[in-house]
1. Based on DSSP H runs of at least 4 residues, each adding -39500 (n - 2.57), what is the mean residue ellipticity at 222 nm of the chain after dividing by all its residues, to the nearest 500 deg cm²/dmol?
2. At 0.36 nm per residue, and after removing the present C-alpha to C-alpha distance, how many nm does the segment from GLN195 to GLU233 gain when stretched out fully?
3. Rounded if a/c is under 1.5, else prolate if a/b is larger than b/c, else oblate: which is segment 374-422, with a ≥ b ≥ c the root eigenvalues of its Cα gyration tensor?
4. Need one number for segment 283-404: average projected area of the convex hull over its C-alpha atoms, nm².
5. Students often check this: by mean Cβ neighbours within 10 Å, which of 321-329, 56-64, 309-317 ranks highest, and how do the rest follow?
6. Please state the charge dipole magnitude for the chain, taken about the Cα centre, from unit charges on C-beta atoms (+1 on K and R, -1 on D and E), reported in debye and rounded to the nearest 20.
7. How high is the relative contact order of the chain, given as a whole-number percent (alpha carbon pairs under 8 Å, six or more residues apart)?
8. Taking the highest mean first, how do the peptides 280-288, 298-306, 229-237 order by number of other beta carbon atoms within 10 angstrom per residue?
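Readers should treat all values here as calculations from the given coordinates under stated rules, not as data from a laboratory. For clarity, every value in this text was computed on a predicted model and none was experimentally measured. Backbone-built Cβ (ideal geometry, glycine too); neighbour counts: all protein chains shown.
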Amino acid sequence: MTPALFSATWIDACAQAINQNDAYRRAAANWRWPLLLHITHDDAQTTMIYLDLYHGSCRAARLATSADLAHAEFILEAREAIWRNVLTGQLDPIAGIMRRQLTLTKGSLTTLAMHGATAKALIAAISQPDLPHPTPSSPPVQSVTTATPHHTFVTTSRQGLDNDSVPMRLWQKAKRLGVWNPADIDFSQDVADWQNLNATERDLLLRLTGMFVAGEESVTLDLLPLIMTIAREGRLEEEMFLTTFLWEEAKHVDFFANGFLKHIAPDAGDLTHYHTPAYRTLFYDELPQAMHALLSDSSPAAQARASVTYNMIVEGVLAETGYEAYFAALERNNLMPGVRQGILLLKRDESRHIAYGVFLLSRLIAADPQLWPVIEQRMNQLMPLAMQIITEIFSAYDDMPFGLRFEEFSTIAMTNFGRRLQRIEKARDQLVDADIDEDEV
Ligand SMILES: [Fe+2]
Ligand SMILES: [Fe+2]
């Protein structure tokens, strides 16, 4: 006979099922935190279940005592109807938290999100597909134009802001380091240096500036659909950081358009002819398409494609590489101190944007390792395009000015790309927890 749901006998059976489940043992190898499930029944009575889950096994499972309440690292609270939907596999617990159907009253949401596969395997081990489920809880898929009502607010619930999360740490850093004014930069020495450059040197600097400023304009115009997607999922901490992200991209446009082009090269004219075929493919088509696709499809796969395009390729390969080499060329020749100052500040902003991209992709892949081929396919599609853009810059000159070498660009690009790919792969393999951002944040 099947034991009554949430009874002591049922809890014992769950512990046995968990310990006999090889898939759970593998998926939960890095999970080491006791978990407490808080169930509110229709008659307002509550049941609390304590599960001591440790590196793939269940060391204890019981109706929770008050000591267990203090000891549990994570407490998840929901109505019985919601728990039934979780146990029948109709509602992914992480998605349930995002939709505010389950409340994480204790513990780090980031850690939980990073262990999405563990949660899935746990539910699979104890699932009861034949349970009656009286209250359908999953809302219908909504179009981007449909209003999403709020059921609770992070700031007025016990949950509160997760100040240890990667987005909140990036937010704190953005407030300290991201507030700088391009209009404060003194370009007087830069103007003098510009007068002494030869035609090829000027052409290269205008080419790079024409690519950078349009690139910054493009990322400013194309970020909003991602911010909207994150906001609709109720991820307050991430949206707080993303407000700085968008403002900083606009500030970068300001730096090039009102700084470099206004003070140093006011007669530059139309720079569109510097946009080579590969550049056009990426910035005119691929980037806006991937980002604006989120307005009609905000699925994790679509988010992964957008983030790979924006954060990994445009920022992580092209912007970071371009700014690093541009800065090095000017520094090596002791030229343009104002531009160098701006590039340094801008690079620091970009490193936070890329750190967010690594966080986002890691969160997505940890919740669903099946997304890996999507990420890999998009990277494989766009990486040659990024390298082609670098090639096109060099092929425009017989003798490259400022001692710039192709190898310098390509090595930086490949190294940065490889490092970040490894980080995201770790998330796929569930090796990521708090150290996800060790050298980015
Ligand atoms: Fe930027
Ligand atoms: Fe950026």
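1. Working: 19 runs with 236 residues, N = 441.
Calculated from helices alone, the mean residue ellipticity at 222 nm is -17000 deg cm²/dmol.
2. 8.5 nm
3. Note, shape of segment 374-422 comes out oblate.
4. Numbers: hull surface 34.1 nm².
Approximately 8.5 nm², given one-decimal rounding.
5. Peptide ranking by packing, descending: 309-317, 321-329, 56-64.
6. Magnitude of the dipole: close to 1240 debye.
7. Contact order relative to length: 16 percent.
8. Details: 280-288: 16.9, 298-306: 21.1, 229-237: 18.6.
By packing density, highest mean first, the sequence is 298-306, 229-237, 280-288.
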